[in-house]
Amino acid sequence: MPFDLPASCRRRTALGALAGAFAVGACAPFAPAPTARRRVLLSEGAVRIDVIVEGQGPALVLLPSSQRDSEDFDDLAERLAAFGFRVLRPQPRGMGASAGPMNDLTLHVLAGDVATTVRQLGGGRAVLVGHAYGHFVARVADLDHPGLVRGVVVAAGAARTFPPGVPRSLAVASDPAQARDTRLRGLREGFFAPGNDPTPWLEGWHPALREVYSRAGRTPAKEVWWPVSNAPILDLQGAEDPWRPPATRNELKDVLGDKVQVKIVPRASHALIPEQPAAVAQAIADWIGTLPP
């Protein structure tokens, strides 16, 4: 059976105890309060997908950024569930209780895990919200499994070609061996707008998985998926995101035309979601309201 997971139960939960409490397979009948949070462990062959589930309604899948897991979305998920969505947060392989072969990991493989989540928990169709690296996975899921994807939210997607220097901020911020002040400087330079608190992102990184996910992100090549889309796209950008300079605001819309709606979120950088969760939730809910069923 799926089990209740209180909002206060986060990374401090021992993974061994957590894994033992999961149910393998799709959800059994359950009647939580509309925004109750629980976890389910899905099974697909040798793969196990740890999914945080809350809310009822049309399905939304939240996909995290590089080296981070889906617990980043606690605030956003609660807000979206309150708007009347069923919010699904599959943990990437190697994070939480998600597990599966890590050799030869690609965006196709990660997109397949998303497809499994949508089939088993999302009623076979969902809007995918990909934060930074997560939008690579969302876009390839749309490429590989178009029948499952109602729309794609590109949340803090970087420019097609990364501006010089910004990847260094990621390397510094995600490295626990660096001094705290150095990491905070990296977070402020690359992820958080002035006035926004970067300290929560001192934790929650998975640096041991950096190389395997970096390699995965190169297959298929960006040229294969970036200029195509089956589903409509909301291109949600932080107004102060150094990974997405103002000159690149419309680069996706210039290629895909009316399939893309661009929305700028003030007082936000590349982290975006922890910076402005209310604005992000509202923008996503408003945009989904314009989509066909």
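Listing for the model above:
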{"item": "Nitroxide proxy distance, nm - points 7 Å out along Cα→Cβ at Lys222 and Ala239", "result": "2.6"}
{"item": "Among Leu184, Leu202, Leu42, residue whose mean-square fluctuation peaks in a GNM of the chain (springs only between Cα atoms under 10 Å)", "result": "Leu202"}
{"item": "(i) 0.98; (ii) 0.96; (iii) 0.93, with the label sought being that of the calculated Rg/Rh (Cα atoms, Kirkwood Rh)", "result": "(iii)"}
{"item": "Computed over the stretch 117-240: relative contact order in percent, which uses C-alpha pairs under 8 Å that are six or more apart", "result": "31"}
{"item": "Of Leu110, Leu256, Leu41, the one that fluctuates the most in a GNM where the chain has Cα springs shorter than 10 Å", "result": "Leu256"}
{"item": "For the chain, with +1 on Lys and Arg beta carbons and -1 on Asp and Glu, the positive-most of Val212, Gln178, Ala132 along the dipole", "result": "Val212"}
{"item": "HN-Hα J in Hz across the stretch 62-73 - Karplus 6.51, -1.76, 1.60, θ = phi - 60°, x for Gly and Pro", "result": "9, 10, x, 7, 4, 6, 10, 10, 7, 6, 4, 9"}
{"item": "GluC sites (Glu not before Pro) lying in DSSP loop within the stretch 202-290, provided at most 12 other Cβ fall within 10 Å", "result": "Glu203"}
{"item": "Surrounding net charge for Pro220, when Lys and Arg each add one and Asp and Glu each subtract one, Cβ distance under 12 Å", "result": "+1"}
{"item": "Net dipole in debye of the stretch 140-293 [+1 Lys, Arg Cβ; -1 Asp, Glu Cβ; about Cα centre; nearest 20]", "result": "220"}
{"item": "Relative contact order %, the chain, counting alpha carbon pairs below 8 Å whose residues are six or more apart", "result": "17"}
{"item": "Accessible area per residue in Å² at 1.4 Å probe, computed on the chain", "result": "41"}
{"item": "Accessible area of the stretch 28-186 belonging to carbon and sulfur atoms, whole % at 1.4 Å probe", "result": "54"}
{"item": "Scattering curve values for the stretch 188-293, log₁₀ I(q)/I(0), Debye with Cα scatterers, q = 0.12, 0.22 Å⁻¹", "result": "-0.53, -1.27"}
{"item": "For the chain, size of Cβ-based charge dipole, Lys and Arg +1, Asp and Glu -1, in debye", "result": "140"}
{"item": "Residue-averaged 222 nm ellipticity for the chain, from DSSP H runs of 4+ at -39500 (n - 2.57), nearest 500", "result": "-9000 deg cm²/dmol"}
{"item": "Label-point gap, in nm, between Ala177 and Gln282 - each point 7 angstrom along Cα→Cβ", "result": "4.4"}
{"item": "Paramagnetic reach from Asp258 (point 7 Å along Cα→Cβ, amide N under 20 Å) across the stretch 268-293", "result": "287-293"}
{"item": "Charge dipole of the chain about the Cα centre (unit charges at C-beta), most positive-ward option of Gln67, Gly96, Ile52", "result": "Gly96"}
{"item": "Kyte-Doolittle at least 0.5, axis length at least 20 Å by Cα - qualifying DSSP helices, the chain", "result": "107-121"}
{"item": "Candidates Gly157, Gly257, Gly57, ranked by Gaussian network fluctuation over the chain, Cα under 10 Å, top entry", "result": "Gly257"}
{"item": "Given charges at Cβ of Lys, Arg, Asp, Glu: the chain dipole, positive-most of Gly257, Val40, Ala247", "result": "Val40"}
{"item": "Residues with amide H under 5 Å from that of Phe85, placed H, sequence gap 5 or more", "result": "Gln56"}
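The values are calculated or read from the model by the stated rules, or taken from the named source; none is laboratory data. Model, not experiment: these values are computed from the prediction. Here the Cβ is made from the backbone with ideal geometry for all residues, glycine too, and neighbour counts use every protein chain on show. What goes into the accessible areas is simple: the full protein's heavy atoms, side chains included, and nothing from ligands, DNA or RNA. Shrake-Rupley method; radii C 1.70, N 1.55, O 1.52, S 1.80 Å.
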